Amino acid sequence: MSEQRSGKLEEARNTLPEELWPAFDELVSHYRYIATSRYGSPFVSYIVLADLIRSGWRCSAEPLGPPPA
């Protein structure tokens with residue numbers, strides 16, 4: 001992630017082992033994009049995303065296309 005990180009993002013990211021940071025960063029990036037596309041604002045609960053990574057979530061498939069409107 002190259003953009004400036006918020007304190008909440010850093011706090012959530014730092015709850016994970018360093019080897020999981022790339023997966024977390026990828027999930028945050030995807031979530032922000034989709035939330036902004038759908039709602040115009042990327043409200044993100046970073047600690048929930050960290051919990052998803054901790055519970056085993058990984059991006060493992062190619063996107064099917066844009067979400068339905």
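Figures for the structure shown
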read-out: Enumeration of residues in region 1-43 that are part of a loop (DSSP other than H, G, I, E, B) and either in contact with a strand residue (DSSP E or B) (Cβ under 6 Å, 6 or more places away or on another chain) or of a type in the set (F, W, Y) (or both); value: F43
read-out: Top-ranked residue in region 41-68 [being closer than 12 Å to F24 by Cα and charged (D, E, K, R); ranked as modelled with the lowest pLDDT]; value: R58
read-out: Lone unmet requirement of (1) modelled with pLDDT of 90 or more; (2) surrounded by 14 or more Cβ atoms within 10 Å (Cβ to Cβ) for N14; value: (2)
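The values are calculated or read from the model by the stated rules, or taken from the named source; none is laboratory data. This one's a predicted model, so the numbers in the text were calculated from it and none came from an experiment. Here the Cβ is made from the backbone with ideal geometry for all residues, glycine too, and neighbour counts use every protein chain on show.
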